[in-house]
Amino acid sequence: MNRINGNDLLAIGFTQGKILGLALEVLEKNYHDADRDIVLSMMKSLAEKPELYLDHEILEDLATKMIEEANAPKDETIDLNETAKEFAVYGQEHIDEGAVKQMNIAMRLPVTVAGALMPDAHQGYGLPIGGVLAAKNAVIPYGVGVDIGCRMALSIFDIPENHYFENPDFYKRELIAHTRFGAGHGFLRKERAEHAVLDRNEFNMTQFVKNLHDKAWSQLGSSGGGNHFVEWGIIEFSEEDKPLNIAAGRYLALLSHSGSRGLGATLAGHYTRVAKDICKLPKDAANLAYLDMNSEAGQEYWLAMNLAGDYASACHEVIHEKMAKAIGGQLLAKVENHHNFAWKEIWNGEEVIVHRKGATPAGKGVMGIIPGSMTAPGFLVRGKGEDLAINSASHGAGRQMSRTQATKNISHQDMKAILQANNVTLIGAGLDEAPMAYKDINVVMNAQKDLVDVVAKFTPKMVRMADDGSKED
């Protein structure tokens, strides 16, 4: 007969692969002289129903292998694109290689539209800290981060700087009295604050979220560990700022940095696991598992993320209201911005999900606060709306030492000396938060002149942080 080849078998239902090769070997060994049409008919039947041939004297072994292959677990790994999309990098000479590598992996996701790396960037989990990623119809829980909606909040008072320097004990007493820090720390029932965010319907969307309500209530108005702080400082406007209606001068200000506490951390952990179960990515990209925005899980995470973000804002609101009431000053302006979040935005004419993991929104005219360290200035800024940066800027100075490195290499004497040199009073904090662990904020700001305009400079004077240093929820 005319020899049956691979194309003949593909035409009757076989597929490319190991089984095709085995079938050709069986035919060559056992059926090379048989009628071609009869053999093809038999092989077509085998391809359709291999279980009928499990007792066949010649085809039993081939049929068994075909059934085993059909029932083998399918590899559901989603392939990354072979090449990474290009992305803008600001201050590249000050960014560690690990952060760039992580960003390159993120830029190979099939849902990635665009990306950018801010000058305070350093290696994180999944998306680097300081990474901005625009995705098409998908949200990445670890692209948002563990501390969902972490933010900065600044209150500027009509109190002149002299009043602070003449009454430091008063400001220290009130700072200690109205703030609470550290992993797990919250308020007893009689101390708890009330806020409309606790009445949100989203707390009832699943039993899992509902079970977090009491923890959220107990921690409302508190701050986390790590680099979270509440501090008094002096803010200087070198010229009048008409949009804020603040005259040139130096004013007392309160600056806070914290996020969604145990609520956000628990939600982040849960939905990251959900994403990893649904979205199987290669090992080096596993922490970038994403949820389709059209899926039930994607919509559920989106609602939970926004709830945690609004809860983080409520925590700052409670703190600032307590402090304003305690000192009796008139509020001139309040500015707030968040990071560790995802936004629906229009970029290049299409709707995308913009993840800013440790990056400040900096659309045209958008206000933000970019802190330095406990002894370095922070900056009140106004965004320029730079497309290449996906309307973003850095969220701070960024670490130049890991927490472990800082603890090993910085002494208590070194930290005490730099605090004294800058006339800063510190309450709490560990060596992992020492100013020397951070990049030079002036270098970082210089690298993002195209992204933001500086409106005013904030100089820290009294800083409160968690006593237990780096522990977070």
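Tabulated data for the structure shown
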{"read-out": "Scope the range 161-180; condition open to solvent by 70 Å² or more (accessible area, probe 1.4 Å) and under 17 Å from Asn423 (Cα atoms); matching residues", "value": "Asn162, His163, Phe165, Glu166, Asp169, Lys172"}
{"read-out": "Single condition Lys408 does not satisfy, out of (1) at pLDDT below 95; (2) within 24 Å of the chain's Cα centre (by Cα); (3) surrounded by fewer than 20 Cβ atoms within 10 Å (Cβ to Cβ)", "value": "(2)"}
{"read-out": "One residue from Ile148, Ile159 being β-branched (Val, Ile, Thr), touching a Ser or Thr at 6+ places or on another chain (Cβ under 8 Å) and in contact (Cβ under 8 Å) with a residue 12 or more places away in the chain", "value": "Ile148"}
{"read-out": "Whichever residue in the range 332-350 is touching a residue at least 24 places away in the same chain (Cβ under 8 Å) and farther than 22 Å from His320 by Cβ and, among such residues, is nearest to the chain's Cα centre (by Cα)", "value": "Ala342"}
{"read-out": "Residue list for the range 365-375, filter: open to solvent by 10 Å² or more (accessible area, probe 1.4 Å), in a strand (DSSP E or B) and either modelled with pLDDT of 95 or more or β-branched (Val, Ile, Thr) (or both)", "value": "Met367"}
{"read-out": "Top-ranked residue in the range 3-19 [being under 16 Å from Ala63 (Cβ atoms) and of a type in the set (Gly, Ala, Ser); ranked as surrounded by the most Cβ atoms within 10 Å (Cβ to Cβ)]", "value": "Gly13"}
{"read-out": "Leading residue by the ranking (modelled with the highest pLDDT) among those in the range 65-77 that are surrounded by 11 or more Cβ atoms within 10 Å (Cβ to Cβ) and more than 16 Å from Ser45 (Cβ to Cβ)", "value": "Lys65"}
{"read-out": "Candidates Gly124, Gly143, filtered to the one that is in contact with a Leu (Cβ under 6 Å, 6 or more places away or on another chain) and closer than 18 Å to Phe341 by Cβ", "value": "Gly143"}
{"read-out": "Pair list, Cβ under 9 Å, 6 or more apart: the range 58-70 residue among the hydroxyl-bearing types (Ser, Thr, Tyr), other residue open to solvent by 60 Å² or more (accessible area, probe 1.4 Å)", "value": "Thr64/Leu54"}
{"read-out": "Filter result for the condition that a residue is in contact with a Gly (Cβ under 7 Å, 6 or more places away or on another chain), within 25 Å of Ile235 (Cβ to Cβ), open to solvent by less than 40 Å² (accessible area, probe 1.4 Å) and at pLDDT 95 or above, over Met152, Met118, Met103", "value": "Met118"}
{"read-out": "Qualifying residue in the range 261-282 (condition: of a type in the set (Ser, Thr, Tyr) and more than 17 Å from the chain's Cα centre (by Cα))", "value": "no"}
{"read-out": "The listed residue being out of contact with any helix residue (DSSP H, G or I) (no Cβ under 7 Å at 6 or more places or on another chain) and open to solvent by 80 Å² or more (accessible area, probe 1.4 Å), out of Ala466, Ala421, Ala429, Ala456", "value": "Ala421"}
{"read-out": "Selected residue (criterion: modelled with the lowest pLDDT) from residues of the range 128-147 that are open to solvent by 10 Å² or more (accessible area, probe 1.4 Å) and touching a strand residue (DSSP E or B) at 6+ places or on another chain (Cβ under 6 Å)", "value": "Ile129"}
{"read-out": "Among (1) within 27 Å of Tyr251 (Cβ to Cβ); (2) open to solvent by 50 Å² or more (accessible area, probe 1.4 Å) - the single one Lys416 does not satisfy", "value": "(1)"}
{"read-out": "Residue list for the range 221-268, filter: of a type in the set (D, E, K, R) and on the phi > 0 side of the Ramachandran plot", "value": "Arg261"}
{"read-out": "Extreme residue, nearest to Asn245 (Cα to Cα), among residues of the range 326-364 that are outside any strand (DSSP E or B) and open to solvent by 40 Å² or more (accessible area, probe 1.4 Å)", "value": "Gln330"}
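Okay, residues lined up against (1) surrounded by fewer than 21 Cβ atoms within 10 Å (Cβ to Cβ); (2) within 14 Å of Ile140 (Cβ to Cβ); (3) among the small types (Gly, Ala, Ser):
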| site | (1), (2), (3) |
| --- | --- |
| His257 | no, no, no |
| Ser260 | no, no, yes |
| Thr266 | no, no, no |
| Gly269 | yes, no, yes |
| Ile278 | yes, yes, no |
| Ala286 | yes, yes, yes |
| Ser295 | yes, yes, yes |
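The values are calculated or read from the model by the stated rules, or taken from the named source; none is laboratory data. What you are looking at is a predicted structure, and each value in this text was computed from that prediction instead of being measured. We place every Cβ from the backbone using ideal geometry, glycine too, and count neighbours over all the protein chains shown. Remember, those area values only see protein heavy atoms, side chains included, never the ligands or the DNA or RNA. Shrake-Rupley method; radii C 1.70, N 1.55, O 1.52, S 1.80 Å.
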